[in-house]
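Right, one structure below, let's go through it.
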Amino acid sequence: MINSACESYRSDVEQVAAKYDMSAYVDLILALMMQESSGQGTDVMQSSEGAYNTQYPQTPNGITDVDYSIACGIQELKYSMTKADVTGPNDIANIKLALQGYNFGADVYFNYLEKNGITSWSEESSKAFAEIASGETERSKEDPLYDTAGPWDYGDQYYPEHVLRYYHS
């Protein structure tokens, strides 16, 4: 369920989504926002480290303008969805790939998938990528992210599942 903080951004998301031909994905965008920030703070899409942020520091929570965060996040998601060949809001298999690309970085993630002949998301392939991307750096079992985001110190290896629990296409 999307909380009231995220729902309060629905009209903003609808406006920006229309600009980028993403209107069919407003509920997915809000689910992503729910996972990223629960609608809290100014970088509600946690898109400051992405390629579309050219105005703020590319550090966690670097964006201090909610509307800009939404615009960057939607563009980032659209790029990842294009790489994943998402055909529509019910294409959950490819949406999973797109969401993992959003979290890991689309170019590096999709290059890995292509190089390894991987065509669908799985926890195993997500962990295998994160192992490489982290330089084989494991999170300590005491790290609160160990159970929630995976054993490797890179991104959230369960990200599609985390976002999709808030999404009903």
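The values are calculated or read from the model by the stated rules, or taken from the named source; none is laboratory data. It should be emphasised that the depicted structure is a prediction, and the values quoted were computed from it without experimental measurement. In this analysis, Cβ positions are derived from the backbone assuming ideal geometry, glycine residues included, and neighbour counts consider all displayed protein chains.
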A careful count of residues in segment 82-99 that are charged (D, E, K, R), over 19 Å from A17 (Cβ atoms) and touching a residue at least 24 places away in the same chain (Cβ under 8 Å) gives 1
Number of the exception - V108 against (1) part of a helix (DSSP H, G or I); (2) surrounded by 15 or more Cβ atoms within 10 Å (Cβ to Cβ): (2)
Residues of segment 134-163 being assigned to a helix (DSSP H, G or I), of a type in the set (A, V, I, L, M, F, W, C) and touching a helix residue (DSSP H, G or I) at 6+ places or on another chain (Cβ under 7 Å), which ones? V163
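Conditions tested, residue by residue: (1) surrounded by 12 or more Cβ atoms within 10 Å (Cβ to Cβ); (2) touching a strand residue (DSSP E or B) at 6+ places or on another chain (Cβ under 6 Å); (3) of a type outside the set (D, E).
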site: Y112; (1), (2), (3): yes, no, yes
site: K115; (1), (2), (3): no, no, yes
site: I118; (1), (2), (3): yes, no, yes
site: S125; (1), (2), (3): yes, no, yes
site: S134; (1), (2), (3): yes, yes, yes
site: K141; (1), (2), (3): no, no, yes
site: A149; (1), (2), (3): yes, no, yes
site: D156; (1), (2), (3): yes, no, no
State whether the residues of segment 122-130 include one that is assigned to a helix (DSSP H, G or I), of a type in the set (A, V, I, L, M, F, W, C) and in contact (Cβ under 8 Å) with a residue 24 or more places away in the chain. yes
Here are the criteria: (1) in contact with a Gly (Cβ under 7 Å, 6 or more places away or on another chain); (2) surrounded by fewer than 20 Cβ atoms within 10 Å (Cβ to Cβ); (3) over 21 Å from A24 (Cα atoms). Tell me which single one A130 does not satisfy. (2)
Expected single match for in contact (Cβ under 8 Å) with a residue 60 or more places away in the chain, of a type in the set (S, T, Y) and part of a helix (DSSP H, G or I) among Y79, Y102, Y68 is Y102
I'd like the full set of residues that are closer than 19 Å to C6 by Cα, modelled with pLDDT of 95 or more and surrounded by fewer than 23 Cβ atoms within 10 Å (Cβ to Cβ), limited to segment 49-70. T64, D65, V66, D67, Y68
Restricting the first residue to segment 1-19 and requiring it to be surrounded by 15 or more Cβ atoms within 10 Å (Cβ to Cβ), which pairs with a second residue that is of a type in the set (F, W, Y) and not in a helix (DSSP H, G or I) meet a Cβ separation below 6 Å and a spacing of at least six or different chains? I2/Y166
Of the residues that sit in segment 82-98 and are among the aliphatic types (A, V, I, L, M) and outside any helix (DSSP H, G or I), which one is farthest from N111 (Cα to Cα)? V86
Out of the residues in segment 1-39 meeting the condition of being assigned to a loop (DSSP other than H, G, I, E, B) and of a type in the set (A, V, I, L, M), tell me which one is farthest from V66 (Cα to Cα). M1
